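Worksheet for the structure shown next.
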Amino acid sequence: MKADVGDYFYRLLHPSLTVLLISKSGSKVNVMACSWCMPVSEDPPLVAVAVSKDSLTNQLIRESGEFTISIPPSTMLAQVWKAGTVSGRKVDKIRELGLKLAPPKATSTPSIDGCLASLECKVANEVEAGECTLFIGEVKAAYADRRVFKRGLWDLSRADLLLHLGSRQFTVPHERVQPPKQASRT
């Protein structure tokens, strides 16, 4: 029997990778936790993030036309949680969370030091989507810790990726699974 999930419809698409979304305009740098993030094209390389229209992050991305996505390990869960629950309009979240910024490679928006990987993006398009703006960014630089990202795949025995289930619930994947090999036809 299937139950109506109502307002929790989006959680049917979770767990999803939790990232730190960094925005910068002028000297103001902000960070927020985000799990509404996905690739949307390989050629050109595009990713999309959904950001509340009322947020400081939205404002800074609109002003600068860029953002950086940093992928934190699960050991940063406390910082990720606070980055998603405290407003950057009220506190300097970078300082408050004890985060260190790493210099950008292709944009003016830094990444977060200690993260597993980062993608620096220039906004290619914006789509109004309910209470959010979907920022579609062209990836200008993408880099990862080579100890945890090998031959185009995460090494789940070392990467310790943080996935958001919903509310205060997170999980960490540790195992790869593959479909069974098909029997050869003779």
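The values are calculated or read from the model by the stated rules, or taken from the named source; none is laboratory data. Since we're looking at a predicted model, the values are computed, not measured. Every residue, glycine among them, receives a Cβ derived from its backbone with ideal geometry; neighbour counts consider all protein chains shown. To get the accessible areas, we keep the full protein, side chains included, count just its heavy atoms, and leave off ligands, DNA and RNA. Shrake-Rupley method; radii C 1.70, N 1.55, O 1.52, S 1.80 Å.
Tell me, please, whether a residue that is surrounded by fewer than 18 Cβ atoms within 10 Å (Cβ to Cβ) and on the phi > 0 side of the Ramachandran plot can be found in region 98-119. For region 98-119, residues surrounded by fewer than 18 Cβ atoms within 10 Å (Cβ to Cβ) and on the phi > 0 side of the Ramachandran plot: present. Here C132 qualifies as farther than 13 Å from K24 by Cβ, buried (at least 17 other Cβ atoms within 10 Å of the Cβ) and more than 15 Å from the chain's Cα centre (by Cα). Suppose the filter is open to solvent by less than 70 Å² (accessible area, probe 1.4 Å), over 17 Å from the mean Cα position of the chain (by Cα) and within 20 Å of T75 (Cβ to Cβ); does L156 pass it? Taking the combined requirement at face value, the residue satisfies it.
The residues of region 1-58 that are open to solvent by 40 Å² or more (accessible area, probe 1.4 Å) and of a type in the set (A, V, I, L, M, F, W, C), listed by number, are M1, A3, V5, F9, L12, L13, L17, W36, C37, M38, V40. Sub-8 Å Cβ pairs linking a first residue in region 62-89 that is free of Cβ contacts under 8 Å to residues at least 60 places away in the same chain to a second residue that is part of a helix (DSSP H, G or I) and surrounded by fewer than 17 Cβ atoms within 10 Å (Cβ to Cβ), at least 6 apart or interchain, are K82/E96; V86/E96, ordered by first then second residue.
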